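The next block holds one structure in the form of structure tokens; read it before the comments.
The values are calculated or read from the model by the stated rules, or taken from the named source; none is laboratory data. These numbers come from a predicted model, not from an experiment. Neighbour counts run over all protein chains shown; Cβ positions are idealised from the backbone, glycine included.
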Amino acid sequence: MSATKVVILNQYYVPDVASTGHLLHELAVELASLGFEVEVLTGRPSYGPPDTWQDCPLKEDSEGVKIRRLRVARFDKNNLFGRAFNYLTFVVPLVLSVLLRSRKDTVYLYTTNPPFLGVIGWFVSLFRRHHYVTLLHDAHPQLGIWVGTFKKGSMIERVWMYVNKLKYKRTREAIVLCSAAKELVANTYPIEREHIHVVPNWADGDDLHPISKSDSRIAQEHGLLDDFTLLYSGNIGLYYDFDTVLQAAELLKDEPFKLVLAGGGGKKDQVAKIVKERGLTNVLMLPYQPFEMLNEALNACDASLVTIAEGIEGISFPSKLYTSLAVGKAIVALSEDWSELRTIVEDNDCGIWSALGDAETLASKLRELIHDRERARAMGDRARGVFDQGYTRQACAAKYAEVLKLADPQYTKEETQARRERLAELLAKGAAVVSDEHPEREGAIS
């Protein structure tokens, strides 16, 4: 049996600063190490500010992966017309390239960057034998409706939904990040449930690993060593809830507690205003930390905050969970009560969960950890155990490999069905409970 051939299509790829580009780079390298023939079709660096755009060859081989870059336009992506033109200069040559070079012995992996990328697979399949898998990072148009960019029932939403249905009608398999996303896809588009696979994102467990808070220069420089420190590091944006934790911080103003919010995003100015108006002296706001200091930054705490706003799970999922698990800190989860985030945290006893808007309960649970540091450390140890079991890039790449092989035309129907059954068992291990020694917890999801 020959090696499975895979082409990964995404607008961004390393050394671009987009997180999806880095995730797909790690995936491509891992697949190559598993014996796949991997090619990436992408654009030249264009995601971040111009000073991050590194010069890259249009064709190169790196770490066993063939990379081909298209000459995309690089207008300001914060401008709607600029972003649309960037998309256009990427998609048009991409369509022509795939249409002319599509091979029937190859599996094509379409991402959602840009959001409508997967429809290229449907279009090419009208003319060529084209085997493709779709990878859903963020669900559109649902995300646009949630944010308020356009309304449900609008022409944009109806056209986008129609295009998505075309994409899923011909896709061989689909990959989503969480169970809620699987329900969204299964209930909305023409694809059978057995062809939708939940494979989470991951973190690099070598670069990110547990160290003592006292060894973190970030903690030393900002006076975080003595107080119980809850850290949020990342995008302070629309998809996340900060009101609840800010209210809890206000309730904990007389406790040895600090809340650190490090990063930037659409809500940062609003959050900073609330902190100032309420006189929250136990809240510290920091900018994004340099990448080379990331491990020390993520370890500058006793617990790590992971939050997702109401109505967003399934449309998106917080990848911050995986970096928090990797550094072995107790997870403080804020979500809706049915959330998979809650399930992972409570079933593995690797942190605490509280409902969105319930600041008093959150403050009460945090107060318990403030006065029981050993319990928080034990939760952190279990968090790293959960990570090692199911959220390393090696573990997740192995699941991707099995899904991609399901779409490989060289396998017979019988071989594919047997592989599908093995994959179902493999995926079921993703968020398994690490230990059954913890006591039963009120409200835990079974």
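Yes or no: Ile274 under 19 Å from the mean Cα position of the chain (by Cα), more than 18 Å from Trp353 (Cβ to Cβ) and either touching a residue at least 12 places away in the same chain (Cβ under 8 Å) or assigned by TED's automatic domain parsing to the domain that holds Asp381 (or both)? Working first, answer last.
Values: under 19 Å from the mean Cα position of the chain (by Cα): no; more than 18 Å from Trp353 (Cβ to Cβ): yes; either touching a residue at least 12 places away in the same chain (Cβ under 8 Å) or assigned by TED's automatic domain parsing to the domain that holds Asp381 (or both): yes.
Considered against the rule, which asks whether it is under 19 Å from the mean Cα position of the chain (by Cα), more than 18 Å from Trp353 (Cβ to Cβ) and either touching a residue at least 12 places away in the same chain (Cβ under 8 Å) or assigned by TED's automatic domain parsing to the domain that holds Asp381 (or both), Ile274 comes out as no.
For Ala262, state whether it is free of Cβ contacts under 8 Å to residues at least 60 places away in the same chain, of a type in the set (A, V, I, L, M, F, W, C) and buried (at least 18 other Cβ atoms within 10 Å of the Cβ).
Details: free of Cβ contacts under 8 Å to residues at least 60 places away in the same chain: yes; of a type in the set (A, V, I, L, M, F, W, C): yes; buried (at least 18 other Cβ atoms within 10 Å of the Cβ): yes.
It is true that Ala262 is free of Cβ contacts under 8 Å to residues at least 60 places away in the same chain, of a type in the set (A, V, I, L, M, F, W, C) and buried (at least 18 other Cβ atoms within 10 Å of the Cβ).
Within region 362-397, track down each residue that is more than 26 Å from Asp204 (Cα to Cα) and either β-branched (Val, Ile, Thr) or assigned to a strand (DSSP E or B) (or both).
Residue satisfying the conditions is Ile370 alone.
Looking only at region 142-159, how many residues end up being in contact (Cβ under 8 Å) with a residue 24 or more places away in the chain, more than 30 Å from Arg420 (Cβ to Cβ) and not aliphatic (A, V, I, L, M)?
Keep residues of region 142-159 that are in contact (Cβ under 8 Å) with a residue 24 or more places away in the chain, which gives 142-143, 146-147.
Among the residues that remain, those that are also more than 30 Å from Arg420 (Cβ to Cβ) are: 146-147.
Still in the running and not aliphatic (A, V, I, L, M): 146.
Residues flagged as in contact (Cβ under 8 Å) with a residue 24 or more places away in the chain, more than 30 Å from Arg420 (Cβ to Cβ) and not aliphatic (A, V, I, L, M) within region 142-159 amount to 1.
Please work out which residue is farthest from Leu143 (Cα to Cα), limiting yourself to region 173-182 and to residues that are touching a residue at least 60 places away in the same chain (Cβ under 8 Å) and in a strand (DSSP E or B).
Glu173
Filter region 65-87 for residues that are touching a residue at least 12 places away in the same chain (Cβ under 8 Å) and out of contact with any strand residue (DSSP E or B) (no Cβ under 7 Å at 6 or more places or on another chain); which is farthest from Tyr12 (Cα to Cα)? Give the steps one after another, and end with the answer.
Kept after step one, since they are touching a residue at least 12 places away in the same chain (Cβ under 8 Å), are these residues of region 65-87: 65-74, 77, 85-87.
Checking the rest, the ones that are also out of contact with any strand residue (DSSP E or B) (no Cβ under 7 Å at 6 or more places or on another chain) come to 71, 73-74, 77, 85-87.
Values: Arg71: 12, Ala73: 13, Arg74: 12, Lys77: 13, Phe85: 15, Asn86: 12, Tyr87: 11 Å.
Looking at residues that are touching a residue at least 12 places away in the same chain (Cβ under 8 Å) and out of contact with any strand residue (DSSP E or B) (no Cβ under 7 Å at 6 or more places or on another chain), I get Phe85.
Taking only pairs six or more apart or across chains, which ones have beta-carbon atoms under 7 Å, a first residue in region 210-231 that is among the hydroxyl-bearing types (Ser, Thr, Tyr), and a second residue that is surrounded by fewer than 21 Cβ atoms within 10 Å (Cβ to Cβ)?
So the pair list comes out as Ser214/Leu225; Ser216/Glu296.
For region 126-159, give me the residue count where each residue is out of contact with any helix residue (DSSP H, G or I) (no Cβ under 8 Å at 6 or more places or on another chain) and under 21 Å from Glu183 (Cβ atoms).
Of the residues in region 126-159, the ones out of contact with any helix residue (DSSP H, G or I) (no Cβ under 8 Å at 6 or more places or on another chain) are 126, 129, 131, 135, 138, 143, 146-149, 153-155, 158-159.
Right, trim to under 21 Å from Glu183 (Cβ atoms) and you get 135, 138, 143, 146-147.
Matching residues across region 126-159 total 5.
Given the residues Glu60, Glu30, which is the only one that is farther than 25 Å from Ala203 by Cβ and in the same structural domain as Thr111 (by TED's automatic domain parsing)? Give the steps one after another, and end with the answer.
On the way: Glu30 fails: farther than 25 Å from Ala203 by Cβ.
Result: Glu60 is the single residue among Glu60, Glu30 that is farther than 25 Å from Ala203 by Cβ and in the same structural domain as Thr111 (by TED's automatic domain parsing).
How about region 35-150: which strands (runs of 3 or more DSSP E) wholly inside it have at least 2 residues that are over 30 Å from Arg193 (Cβ atoms)? I'd like the intermediate steps shown before the answer.
Numbers: elements: 37-43, 59-62, 65-70, 106-110, 131-135.
Counting at least 2 such residues, we get 37-43, 59-62, 65-70.
Among the residues in region 244-257, are any buried (at least 16 other Cβ atoms within 10 Å of the Cβ), of a type outside the set (Phe, Trp, Tyr) and under 17 Å from Glu296 (Cβ atoms)?
No, because not a single residue in region 244-257 is buried (at least 16 other Cβ atoms within 10 Å of the Cβ), of a type outside the set (Phe, Trp, Tyr) and under 17 Å from Glu296 (Cβ atoms).
What tally of residues in region 16-34 results from selecting those that are in contact with a helix residue (DSSP H, G or I) (Cβ under 8 Å, 6 or more places away or on another chain) and in a loop (DSSP other than H, G, I, E, B)?
Of the residues in region 16-34, 3 are in contact with a helix residue (DSSP H, G or I) (Cβ under 8 Å, 6 or more places away or on another chain) and in a loop (DSSP other than H, G, I, E, B).
Would you call Arg217 farther than 24 Å from Met285 by Cβ and charged (D, E, K, R)?
Numbers: farther than 24 Å from Met285 by Cβ: no; charged (D, E, K, R): yes.
No, not satisfied.
Restricting to region 151-172, give me the number of residues that are surrounded by 14 or more Cβ atoms within 10 Å (Cβ to Cβ) and not in a helix (DSSP H, G or I).
Here the count works out to 3.
Considering only residues that are of a type in the set (A, V, I, L, M, F, W, C), crowded, with 22+ Cβ neighbours inside 10 Å and either over 19 Å from Glu39 (Cβ atoms) or within 18 Å of the chain's Cα centre (by Cα) (or both), which ones fall in region 103-118?
So in region 103-118, the residues of a type in the set (A, V, I, L, M, F, W, C) come out as 107, 109, 116-117.
Imposing the further condition that a residue be crowded, with 22+ Cβ neighbours inside 10 Å reduces the set to 107, 109.
Matches in region 103-118: Leu109 only.
Going through region 343-361 one residue at a time, which ones are within 25 Å of the chain's Cα centre (by Cα) and either outside any helix (DSSP H, G or I) or not assigned by TED's automatic domain parsing to the domain that holds Glu250 (or both)?
Restricting attention to region 343-361, the residues satisfying the condition of being within 25 Å of the chain's Cα centre (by Cα) are 343-357.
Asn348, Asp349, Cys350, Gly351, Ile352, Trp353, Ser354, Ala355, Leu356, Gly357 - these are the residues of region 343-361 that are within 25 Å of the chain's Cα centre (by Cα) and either outside any helix (DSSP H, G or I) or not assigned by TED's automatic domain parsing to the domain that holds Glu250 (or both).
Could you identify the single residue in Glu292, Glu313, Glu296 that is closer than 26 Å to Arg393 by Cα and under 17 Å from the mean Cα position of the chain (by Cα)? I'd like the intermediate steps shown before the answer.
Details: Glu292 fails: under 17 Å from the mean Cα position of the chain (by Cα); Glu296 fails: under 17 Å from the mean Cα position of the chain (by Cα).
Of Glu292, Glu313, Glu296, the one residue that is closer than 26 Å to Arg393 by Cα and under 17 Å from the mean Cα position of the chain (by Cα) is Glu313.
Among the residues of region 326-343 satisfying the criterion of being in contact with an Asp or Glu (Cβ under 9 Å, 6 or more places away or on another chain) and among the aliphatic types (A, V, I, L, M), which is surrounded by the fewest Cβ atoms within 10 Å (Cβ to Cβ)?
Only one residue fits best here, namely Leu341.
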